[in-house]
Structure formats: structure tokens, C-alpha cells
1. Could you give the dipole magnitude of the chain about its Cα centre, charging the beta-carbon of Lys and Arg +1 and that of Asp and Glu -1, in debye to the nearest 20?
2. Could you list log10 I(q)/I(0) for the stretch 84-143 at q = 0.15, 0.26 Å⁻¹, which the Debye formula gives when each Cα is one point scatterer?
3. Could you work out the per residue convex hull volume over the alpha carbons of the chain, in cubic angstrom?
4. Just to confirm a number: summing +1 for Lys and Arg and -1 for Asp and Glu over residues other than Pro157 whose beta-carbon lies under 12 angstrom from that of Pro157, what do you get?
5. List the aspartates and glutamates whose Cα sits under 20 Å from the Cα of Lys102, skipping any in the same chain fewer than 8 residues away.
6. How much accessible area per residue does the chain have, counting only protein heavy atoms and a probe of 1.4 Å, in square angstrom?
7. Quantify, in whole percent, the carbon and sulfur part of the accessible surface of the stretch 82-139 (1.4 Å probe; protein heavy atoms only).
Amino acid sequence: MLLLPMWAVVASAQDDGYQLNSGDAVRIHVYGEPDLSFENLLIGHNGRISYPFLGELKVTGKTAAQLQQNITNGLKPDYLVDPRISVSIVKYRPFFVNGEVKSPGGVAFQPGLTLRKAISLAGGFTERANKKQVLVIADSDPERKEQQVGLDYRVQPGDIFTVKDTFF
């Protein structure tokens, strides 16, 4: 039977390719070092966090596993002999639903959400909603272009959805 240290399990569970960005919050745990551990560290609007001994770290675009490796590499040579670190995401940045939904605004992201579920979280469609015309500006799109999507679209944090209305 293979036993892995707990920090290895946490790291692998978070290495799903999700890229950190402003508004996300992470948990950083350094085993045996409570002064270097943080439970709810919010990534600032500049995409950085402030970390003891290492200063400002740019985390935008990195996965939790990459951030874990950066902190390990930064602490290992000068501060800790064998740092055991885990990084996990405790809060994702919200996505936004506006237009013909009952409760437009920001919605807390949850992994695995489809647009159909996201609209339910926003109170559902209004009577005037065009269920076949939903537009998204994907947070990952550098051009920020609106695209029409279906209800099975996989929601990502930071996405902005607009539910159009029908014409009678």
C-alpha cells in the first residue's frame, strides 16, 4: 500500500490547470511553520500576493501547484531546509450574470458549473428571457469578444454572461 504525505495529496488535488487571478483566495500551509501559513490570502487587483521573506509574488496565470513550487523554491535555499508546502484554492473569483435573469449580478463560482446551473444560481430566467440567446465574454479571452453559447457551456470564474430578451 502506497502512502503519500498529506501535502502531496493536496497539491495533486489542486493541479487541475486552473489559473489563479485577481479575486481568488488561496490557502498556503507550510508544515511546522505557522508564521508562514495563511488560511485565506486574497490575490490583489494587481495579481500579486505579499509573502514573508519572498516579498511580492506575481501569481496571475499560475496554477496552485506552480505557486506551491515557487514558494518552495524561494524558501528552500535560505530559510528552510526541507519546506513542505501545500497551496489550495479556498475561494474562486465570481462570474457575472446580467440581462433577463431574476437576480443579476456576481455569483460565487463553484467548479463544474454549467451555464444552466449558473442561471439557476442567479434566480432563473425571467418571463422575457430568450433561452437560446445567451452571450458570454470569457475572462480568458484577451480580446473580450462576446460569443453566443448554449446552456451546457462550462462556466469559468470571471466570465460575464448576458441573457437577451425575446421580442413578442
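1. 480 debye
2. -0.52, -1.19
3. For the chain, the hull spanned by Cα atoms encloses 129 Å³ per residue.
4. It works out to a net charge of 0.
5. Cross-link targets: Glu127, Asp152, Asp159, Asp165.
6. 58 Å²
7. Ligands and nucleic acids excluded, carbon and sulfur give 48 percent.
The values are calculated or read from the model by the stated rules, or taken from the named source; none is laboratory data. Since we're looking at a predicted model, the values are computed, not measured. Here Cβ is always computed from backbone atoms with ideal geometry, including for glycine, and neighbour counts include all displayed protein chains. Note: accessible area is taken over every heavy atom of the protein model, side chains too, but ligands, DNA and RNA are not part of it. Shrake-Rupley method; radii C 1.70, N 1.55, O 1.52, S 1.80 Å.
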